[in-house]
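Student: Let me give you the structure first, and then I'll get to my questions.
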Amino acid sequence: MSRELTQVAPGVWTATAETWTSLTTVVVADDGACLIVDPGITVAEVAGLADEIRARGWHVEAAFATHAHWDHVLWSARLGDVPRWATPAAAEAQALSRDADLTQADATAPGHDHDLVGCLTALPEGAVAVPWSGPRALVVAHHAHAPGHAALVLPDSGVLVAGDMLSDVEIPLLDMDARDPVGDYLDGLHRLEVAVMRYAVTAVVPGHGHVAGPRELARRFVVDRVYLRALVEGLDAGDLRLAEPWLAQAHVDQLRVVRALSPE
Ligand SMILES: [Zn+2]
(Lines give C-alpha, C1' and ligand atoms only; values in the text may rest on other atoms or scores of the structure.)
Protein backbone atom coordinates (compact mmCIF):
# COMPACT_ATOMS: atom_id res chain seq x y z
CA MET A 1 0.00 0.00 0.00
CA SER A 2 1.51 3.30 -1.10
CA ARG A 3 1.41 6.34 1.13
CA GLU A 4 -0.32 9.49 0.06
CA LEU A 5 2.04 12.45 -0.30
CA THR A 6 0.92 16.08 -0.15
CA GLN A 7 3.07 18.87 -1.58
CA VAL A 8 3.55 21.71 0.92
CA ALA A 9 6.08 23.71 -1.14
CA PRO A 10 8.03 23.10 -4.37
CA GLY A 11 10.02 19.91 -3.80
CA VAL A 12 8.72 19.35 -0.26
CA TRP A 13 6.13 16.66 0.41
CA THR A 14 4.57 15.27 3.57
CA ALA A 15 2.75 12.11 4.58
CA THR A 16 0.65 11.65 7.72
CA ALA A 17 0.83 8.54 9.89
CA GLU A 18 -2.15 7.19 11.83
CA THR A 19 -0.39 7.24 15.19
CA TRP A 20 -0.25 10.67 16.87
CA THR A 21 -0.84 12.44 13.53
CA SER A 22 2.89 11.98 12.89
CA LEU A 23 4.26 13.77 9.84
CA THR A 24 6.95 12.49 7.48
CA THR A 25 8.73 14.96 5.19
CA VAL A 26 10.29 14.11 1.83
CA VAL A 27 12.56 16.72 0.23
CA VAL A 28 12.97 16.00 -3.48
CA ALA A 29 15.81 17.25 -5.68
CA ASP A 30 15.34 18.03 -9.38
CA ASP A 31 16.87 14.67 -10.32
CA GLY A 32 14.49 12.75 -8.02
CA ALA A 33 16.95 12.22 -5.14
CA CYS A 34 15.09 12.26 -1.80
CA LEU A 35 15.93 13.24 1.74
CA ILE A 36 13.47 11.63 4.17
CA VAL A 37 12.80 13.14 7.59
CA ASP A 38 11.10 10.91 10.19
CA PRO A 39 9.80 8.06 7.93
CA GLY A 40 6.57 7.05 9.70
CA ILE A 41 5.38 4.69 12.42
CA THR A 42 3.88 1.36 11.30
CA VAL A 43 5.69 -1.18 9.13
CA ALA A 44 3.09 -0.62 6.40
CA GLU A 45 3.52 3.16 6.51
CA VAL A 46 7.30 3.09 6.24
CA ALA A 47 7.23 0.46 3.49
CA GLY A 48 4.42 2.35 1.75
CA LEU A 49 6.59 5.45 1.68
CA ALA A 50 9.28 3.45 -0.13
CA ASP A 51 6.70 2.20 -2.65
CA GLU A 52 5.37 5.71 -3.31
CA ILE A 53 8.87 7.09 -3.83
CA ARG A 54 9.68 4.32 -6.29
CA ALA A 55 6.35 4.75 -8.11
CA ARG A 56 7.14 8.42 -8.68
CA GLY A 57 10.55 7.58 -10.17
CA TRP A 58 12.38 9.12 -7.20
CA HIS A 59 15.15 7.48 -5.19
CA VAL A 60 16.20 7.77 -1.53
CA GLU A 61 19.61 9.34 -1.05
CA ALA A 62 19.63 10.10 2.68
CA ALA A 63 17.47 10.48 5.77
CA PHE A 64 17.46 12.70 8.81
CA ALA A 65 16.07 11.95 12.29
CA THR A 66 15.03 15.14 14.10
CA HIS A 67 15.66 13.41 17.41
CA ALA A 68 16.22 9.99 18.90
CA HIS A 69 12.72 9.10 20.13
CA TRP A 70 11.66 5.69 18.83
CA ASP A 71 8.86 6.99 16.60
CA HIS A 72 11.36 9.07 14.60
CA VAL A 73 14.04 6.42 13.96
CA LEU A 74 12.11 3.64 12.19
CA TRP A 75 13.08 2.31 8.77
CA SER A 76 12.29 -0.20 6.04
CA ALA A 77 14.77 -2.21 3.98
CA ARG A 78 12.77 -1.06 0.96
CA LEU A 79 14.01 2.50 1.57
CA GLY A 80 17.54 1.24 0.96
CA ASP A 81 20.83 1.39 2.81
CA VAL A 82 21.51 5.12 3.02
CA PRO A 83 22.93 7.36 5.74
CA ARG A 84 20.35 8.29 8.37
CA TRP A 85 21.77 11.44 9.81
CA ALA A 86 21.17 12.99 13.24
CA THR A 87 23.06 15.41 15.44
CA PRO A 88 25.95 13.82 17.37
CA ALA A 89 24.00 14.25 20.64
CA ALA A 90 20.92 12.58 19.17
CA ALA A 91 22.94 9.68 17.73
CA GLU A 92 24.56 9.15 21.12
CA ALA A 93 21.18 9.29 22.90
CA GLN A 94 19.73 6.78 20.45
CA ALA A 95 22.50 4.28 21.13
CA LEU A 96 21.78 4.54 24.87
CA SER A 97 17.99 4.18 24.55
CA ARG A 98 18.06 1.40 21.96
CA ASP A 99 16.57 -1.38 24.14
CA ALA A 100 13.74 0.85 25.37
CA ASP A 101 13.10 2.05 21.81
CA LEU A 102 12.72 -1.53 20.56
CA THR A 103 10.27 -2.32 23.38
CA GLN A 104 8.16 0.73 22.56
CA ALA A 105 8.27 0.08 18.83
CA ASP A 106 7.16 -3.53 19.37
CA ALA A 107 4.30 -2.38 21.62
CA THR A 108 2.90 0.36 19.36
CA ALA A 109 4.07 -0.55 15.84
CA PRO A 110 4.95 -4.27 15.92
CA GLY A 111 6.91 -6.02 13.18
CA HIS A 112 9.78 -3.65 12.54
CA ASP A 113 13.14 -5.25 11.70
CA HIS A 114 15.11 -4.60 14.90
CA ASP A 115 18.35 -4.37 12.94
CA LEU A 116 17.01 -1.28 11.16
CA VAL A 117 15.59 0.60 14.18
CA GLY A 118 17.86 3.48 15.11
CA CYS A 119 21.15 3.07 13.24
CA LEU A 120 21.70 6.83 13.11
CA THR A 121 24.88 8.36 11.74
CA ALA A 122 26.20 11.40 13.60
CA LEU A 123 26.59 14.50 11.49
CA PRO A 124 30.19 15.70 11.32
CA GLU A 125 30.90 17.95 14.32
CA GLY A 126 29.84 21.50 13.49
CA ALA A 127 27.97 20.52 10.31
CA VAL A 128 25.53 23.26 9.30
CA ALA A 129 23.63 21.21 6.73
CA VAL A 130 22.64 17.62 6.00
CA PRO A 131 25.19 16.11 3.60
CA TRP A 132 23.28 15.33 0.44
CA SER A 133 23.07 16.46 -3.20
CA GLY A 134 19.61 18.10 -3.07
CA PRO A 135 18.29 21.46 -1.83
CA ARG A 136 20.08 22.84 1.23
CA ALA A 137 18.76 21.45 4.51
CA LEU A 138 20.23 23.56 7.32
CA VAL A 139 20.43 22.06 10.80
CA VAL A 140 19.04 24.06 13.73
CA ALA A 141 20.21 22.10 16.77
CA HIS A 142 19.04 22.66 20.35
CA HIS A 143 18.12 20.64 23.44
CA ALA A 144 14.37 21.18 23.75
CA HIS A 145 12.22 18.02 24.03
CA ALA A 146 15.15 15.59 23.58
CA PRO A 147 18.96 15.64 23.59
CA GLY A 148 20.36 16.85 20.29
CA HIS A 149 16.97 17.64 18.81
CA ALA A 150 17.29 19.48 15.49
CA ALA A 151 14.96 21.15 13.06
CA LEU A 152 15.79 21.51 9.39
CA VAL A 153 15.35 24.77 7.50
CA LEU A 154 14.91 24.47 3.76
CA PRO A 155 15.81 28.00 2.62
CA ASP A 156 15.01 27.38 -1.06
CA SER A 157 11.38 26.52 -0.28
CA GLY A 158 10.87 28.49 2.95
CA VAL A 159 9.96 25.41 4.98
CA LEU A 160 10.83 24.61 8.60
CA VAL A 161 10.75 20.90 9.46
CA ALA A 162 10.41 21.30 13.20
CA GLY A 163 10.51 17.80 14.68
CA ASP A 164 8.58 17.58 17.95
CA MET A 165 8.10 21.33 18.36
CA LEU A 166 5.50 23.89 17.23
CA SER A 167 2.66 21.38 17.12
CA ASP A 168 -0.99 22.34 17.05
CA VAL A 169 -1.97 19.09 18.77
CA GLU A 170 0.77 18.56 21.38
CA ILE A 171 1.83 20.84 24.23
CA PRO A 172 5.57 21.47 24.57
CA LEU A 173 6.89 18.14 25.88
CA LEU A 174 10.02 18.67 27.94
CA ASP A 175 13.15 16.57 28.16
CA MET A 176 12.45 15.59 31.76
CA ASP A 177 15.98 14.28 32.28
CA ALA A 178 17.58 17.63 31.51
CA ARG A 179 18.85 19.89 34.27
CA ASP A 180 16.85 22.85 32.99
CA PRO A 181 14.06 21.46 30.81
CA VAL A 182 12.07 24.69 30.53
CA GLY A 183 15.20 26.79 29.87
CA ASP A 184 16.25 24.34 27.16
CA TYR A 185 12.79 24.53 25.62
CA LEU A 186 12.70 28.32 25.58
CA ASP A 187 16.17 28.34 24.04
CA GLY A 188 14.98 25.90 21.35
CA LEU A 189 11.97 28.09 20.53
CA HIS A 190 14.26 31.11 20.31
CA ARG A 191 16.60 29.35 17.88
CA LEU A 192 13.68 28.27 15.72
CA GLU A 193 12.23 31.77 15.70
CA VAL A 194 15.59 33.26 14.67
CA ALA A 195 15.78 30.73 11.82
CA VAL A 196 12.20 31.52 10.74
CA MET A 197 13.05 35.22 10.43
CA ARG A 198 16.49 34.77 8.92
CA TYR A 199 15.35 32.41 6.18
CA ALA A 200 11.87 33.89 5.64
CA VAL A 201 10.13 30.62 6.53
CA THR A 202 6.52 30.51 5.36
CA ALA A 203 5.52 26.95 6.26
CA VAL A 204 6.16 24.68 9.23
CA VAL A 205 5.97 20.89 9.32
CA PRO A 206 5.71 19.68 12.93
CA GLY A 207 6.57 16.10 13.93
CA HIS A 208 2.95 15.62 15.03
CA GLY A 209 -0.05 17.66 13.94
CA HIS A 210 -0.65 19.78 10.89
CA VAL A 211 1.38 21.79 8.40
CA ALA A 212 0.86 25.52 8.87
CA GLY A 213 1.52 28.84 7.18
CA PRO A 214 3.07 32.00 8.64
CA ARG A 215 0.14 33.25 10.75
CA GLU A 216 -0.46 29.91 12.40
CA LEU A 217 3.29 29.44 12.85
CA ALA A 218 3.46 32.76 14.73
CA ARG A 219 0.49 31.70 16.87
CA ARG A 220 2.21 28.44 17.81
CA PHE A 221 5.28 30.29 19.12
CA VAL A 222 2.96 32.36 21.30
CA VAL A 223 0.85 29.53 22.71
CA ASP A 224 3.91 27.39 23.44
CA ARG A 225 5.51 30.22 25.40
CA VAL A 226 2.22 30.87 27.22
CA TYR A 227 2.05 27.19 28.13
CA LEU A 228 5.65 27.16 29.45
CA ARG A 229 5.12 30.35 31.46
CA ALA A 230 2.00 28.90 33.08
CA LEU A 231 3.86 25.66 33.77
CA VAL A 232 6.64 27.47 35.62
CA GLU A 233 4.18 29.55 37.61
CA GLY A 234 1.95 26.58 38.36
CA LEU A 235 -1.05 28.29 36.80
CA ASP A 236 -3.79 26.84 34.62
CA ALA A 237 -2.62 27.46 31.06
CA GLY A 238 -6.11 26.94 29.65
CA ASP A 239 -4.36 25.16 26.79
CA LEU A 240 -6.87 23.50 24.45
CA ARG A 241 -4.35 20.77 23.63
CA LEU A 242 -4.77 19.43 27.17
CA ALA A 243 -8.18 18.02 26.20
CA GLU A 244 -6.28 14.94 24.98
CA PRO A 245 -5.99 12.61 28.02
CA TRP A 246 -2.36 11.51 27.45
CA LEU A 247 -1.29 15.14 27.13
CA ALA A 248 -3.21 16.10 30.28
CA GLN A 249 -1.23 13.37 32.05
CA ALA A 250 2.04 14.58 30.49
CA HIS A 251 1.17 18.06 31.77
CA VAL A 252 0.70 16.74 35.32
CA ASP A 253 4.06 14.96 35.11
CA GLN A 254 5.75 18.11 33.82
CA LEU A 255 4.23 20.21 36.61
CA ARG A 256 5.70 17.79 39.14
CA VAL A 257 9.17 17.86 37.58
CA VAL A 258 9.24 21.65 37.20
CA ARG A 259 8.05 22.14 40.79
CA ALA A 260 10.77 19.79 42.08
CA LEU A 261 13.43 21.75 40.15
CA SER A 262 12.35 25.24 41.14
CA PRO A 263 13.84 26.70 44.34
CA GLU A 264 11.35 27.50 47.09
ZN1 LIG B 1 9.77 13.13 20.47
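The values are calculated or read from the model by the stated rules, or taken from the named source; none is laboratory data. From a predicted model like this one, the values you see are computed outputs, not experimental measurements. All Cβ positions, even for glycine, are placed from backbone atoms using ideal geometry, and neighbour counts span all protein chains on display. To get the accessible areas, we keep the full protein, side chains included, count just its heavy atoms, and leave off ligands, DNA and RNA. Shrake-Rupley method; radii C 1.70, N 1.55, O 1.52, S 1.80 Å.
Student: Look through Val60, Val73, Val28 and report the one residue that is β-branched (Val, Ile, Thr) and at pLDDT below 95. Please lay out each step first, then the result.
Tutor: Values: Val60 fails: at pLDDT below 95; Val28 fails: at pLDDT below 95.
One residue alone meets the criteria, Val73.
Student: Can I ask one more? Being assigned to a helix (DSSP H, G or I) and within 16 Å of the ligand (Cβ to nearest atom) is true for just one of Ala89, Ala50, Ala44, Ala95. Which residue is that?
Tutor: Among Ala89, Ala50, Ala44, Ala95, only Ala89 is assigned to a helix (DSSP H, G or I) and within 16 Å of the ligand (Cβ to nearest atom).
Student: Could you list, in sequence order, all residues of the range 188-211 that are in a loop (DSSP other than H, G, I, E, B), of a type in the set (A, V, I, L, M) and within 14 Å of the chain's Cα centre (by Cα)?
Tutor: Val211
Student: Taking the range 98-116, which residues are open to solvent by 60 Å² or more (accessible area, probe 1.4 Å) and either farther than 23 Å from Arg3 by Cβ or part of a helix (DSSP H, G or I) (or both)?
Tutor: Passing the criteria: Arg98, Asp99, Thr103, Gln104, Asp106, Ala107, Thr108, His114, Asp115.
Student: Tally time: how many residues in the range 62-83 are more than 16 Å from the ligand (Cβ to nearest atom) and open to solvent by 20 Å² or more (accessible area, probe 1.4 Å)?
Tutor: 6
Student: Of the residues that make up the range 250-262, is at least one farther than 30 Å from Gly11 by Cα, small (Gly, Ala, Ser) and surrounded by 13 or more Cβ atoms within 10 Å (Cβ to Cβ)? Lay out the reasoning, then the answer.
Tutor: Step one: filter the range 250-262 for residues farther than 30 Å from Gly11 by Cα, giving 250-262.
Going one step further and asking which of them are small (Gly, Ala, Ser), we end up with 250, 260, 262.
Now restrict to residues that are surrounded by 13 or more Cβ atoms within 10 Å (Cβ to Cβ): 250.
Yes: one or more hits.
Student: Also, I was wondering about something else. Conditions: (1) of a type in the set (Val, Ile, Thr); (2) touching a helix residue (DSSP H, G or I) at 6+ places or on another chain (Cβ under 8 Å); (3) open to solvent by 40 Å² or more (accessible area, probe 1.4 Å). Val43 meets all but one. Number of the miss?
Tutor: (2)
Student: Among the residues in the range 170-180, are any open to solvent by 10 Å² or more (accessible area, probe 1.4 Å), more than 14 Å from the chain's Cα centre (by Cα) and of a type in the set (A, V, I, L, M)?
Tutor: yes
Student: Would you call Val211 open to solvent by 10 Å² or more (accessible area, probe 1.4 Å), in contact with a strand residue (DSSP E or B) (Cβ under 6 Å, 6 or more places away or on another chain), closer than 17 Å to Val12 by Cα and not hydroxyl-bearing (Ser, Thr, Tyr)?
Tutor: In short, yes.
Student: Ok, one more. Could you figure out which of (1) modelled with pLDDT under 95; (2) crowded, with 18+ Cβ neighbours inside 10 Å isn't true of Gly11?
Tutor: Going through (1) modelled with pLDDT under 95; (2) crowded, with 18+ Cβ neighbours inside 10 Å one by one, Gly11 breaks only (1).
Student: Kindly indicate which of Ala29, Ala33, Ala17 is within 23 Å of Ser157 (Cβ to Cβ), open to solvent by 10 Å² or more (accessible area, probe 1.4 Å) and touching a Gly at 6+ places or on another chain (Cβ under 6 Å).
Tutor: Ala29
Student: Criterion first (away from the ligand (no atom under 14 Å from the Cβ) and exposed (fewer than 15 other Cβ atoms within 10 Å of the Cβ)) does Gly126 satisfy it?
Tutor: Details: away from the ligand (no atom under 14 Å from the Cβ): yes; exposed (fewer than 15 other Cβ atoms within 10 Å of the Cβ): yes.
Criteria met by Gly126.
Student: Could you pull out the residue among Ala129, Ala89 that is over 30 Å from Asp30 (Cβ atoms) and among the aliphatic types (A, V, I, L, M)? Walk me through how you get there before you give the answer.
Tutor: Details: Ala129 fails: over 30 Å from Asp30 (Cβ atoms).
Residue meeting the stated conditions: Ala89.
Student: Still on this structure: Mind counting the residues in the range 155-166 that are within 13 Å of the ligand (Cβ to nearest atom) and open to solvent by 10 Å² or more (accessible area, probe 1.4 Å)?
Tutor: Final tally of qualifying residues: 1.
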